[in-house]
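Report on one structure; see the data block that follows.
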Amino acid sequence: MSAELAEVVRRAQLSIAPPPPEGHLLPAEPYDLALPLYLTLRRSGRGKLPDLCAVIGVSVLEAGSAWHHLESLRLIRPVGSGGAFAPVDPDAALTQLFDAQKERLGDQAAELALIHSCAQEIATRFRPATLRESVGVEVSFVGDRALRAERLRSLHLSSHVAMWSMHPGPLPTAEILERSLELDAELVARGLSVRAVYGRALAAGPRARKYLQTLADLGAEVRLADQVPFDLLLFDATTAVMPSAPSRPTDPMLVLHGSELMGTYVAMYNDVWSRSAPLADQAEGSLSNRQEDVLRYLAAGLSDEQIGRHLGISARTVRRIAVELMEQVGATSRFQAGVRAAELGLVG
């Protein structure tokens, strides 16, 4: 017999009622009637509540709570259909309580196992599927120069429809330009649409002019625009490649893949394309209105910041245009570029 069971038996034998459990709502006096009722029932073997109340000298109303308490302890059980009850041995009552608790715990364990199984299925099958459905875009950063070149070559080779690009300038190294021409030539040979938009100021220099003309001769559509926001390459309208920081083209390359996001970049590219002009329309040696404005202010001795404020562009854009124009007119300084352009009649 367990220690707990032995204590219950000992208390019953001494006719001392055990203290009510903590938080029990039953009043002390009705609770104390439970033990006399139980012992009286044990002596009679069976009986009804009114008869037992008469024996111990209390009313049914007074003994009602104690009687229900005996039922909850499983120390009494109904017999027959006349309202009579029989006592249950404390050992048997304890066994019934423990069996009932064990059954409840078993039910709870089974319920927990079912919940765990359902949660696992939701977490491993359904949630990842909805995340893929809602995101639908893969983003990767490529920092190493060799890896960037390899990734770009892979994107060129895997394209099937088009490769569109735009570049504000300045031009990269001759080695990169040569490799780019080879990849673009492969695309044109395979029948893909190859488009390229460059900043108009970029085309002013002889090196850039030669490169752009070579690209056009390969079969690519080359256009010039007054404003190109940042470097961008679009492959089949499903993958976009750009610098992670547009103001620093040498920073890690950002690659976005997924048709859900590409609509924005395609629309942006089409907008720049619609505001550009074919390379053939740009007469060699001529300047755009923006270039003329920059040269005029350079000749007047204004700083990059002052020119930018006058034209509504950034000082960085002014510096880029100035460098390209210095190359075009063969000047060694920005002030000299303005003077030289005036001497050549390039500005009014």
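Tabulated values for the structure
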| read-out | value |
| --- | --- |
| Karplus 3J(HN,Hα) series, Hz, for segment 33-46 with 6.51 cos²θ - 1.76 cosθ + 1.60 (x for Gly, Pro) | 6, 4, 5, x, 4, 5, 5, 5, 5, 5, 5, 8, x, 6 |
| Cα gyration tensor, segment 47-187 - rounded (a/c under 1.5), prolate or oblate | prolate |
| Additional length obtainable on full extension of the chain from MET268 to GLU121, 0.36 nm per residue less Cα span | 48.7 nm |
| Shape of segment 289-343, Cα gyration tensor, a/c cut at 1.5 | prolate |
| Net charge dipole size for segment 138-281 [Lys, Arg +1 and Asp, Glu -1 on Cβ; Debye, nearest 20] | 320 |
| Gyration tensor verdict on segment 138-281 (Cα atoms; rounded if a/c is under 1.5, prolate if a/b is larger than b/c, oblate otherwise) | rounded |
| Separation of the ARG46 and ALA149 label points, Cα + 7 Å toward Cβ, nm | 10.2 |
| Sites PHE230 and SER333 - FRET efficiency at Förster radius 41 Å, r taken between beta-carbons, to 0.05 | 0.90 |
| J(HN,Hα) series, segment 53-69, from Karplus relation 6.51 cos²θ - 1.76 cosθ + 1.60, nearest Hz, glycine and proline x | 5, 5, 5, 8, x, 10, 7, 4, 5, 5, 8, x, 5, 5, 5, 5, 5 |
| FRET efficiency, 1/(1 + (r/R0)^6) with R0 56 Å, evaluated for ASP107 and SER244 via beta carbons | 0.50 |
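Read the figures in this text as sums done on the coordinates, not as results from a lab. Treat the numbers as computed from the prediction; the structure is a model and nothing was measured. Here the Cβ is made from the backbone with ideal geometry for all residues, glycine too, and neighbour counts use every protein chain on show.
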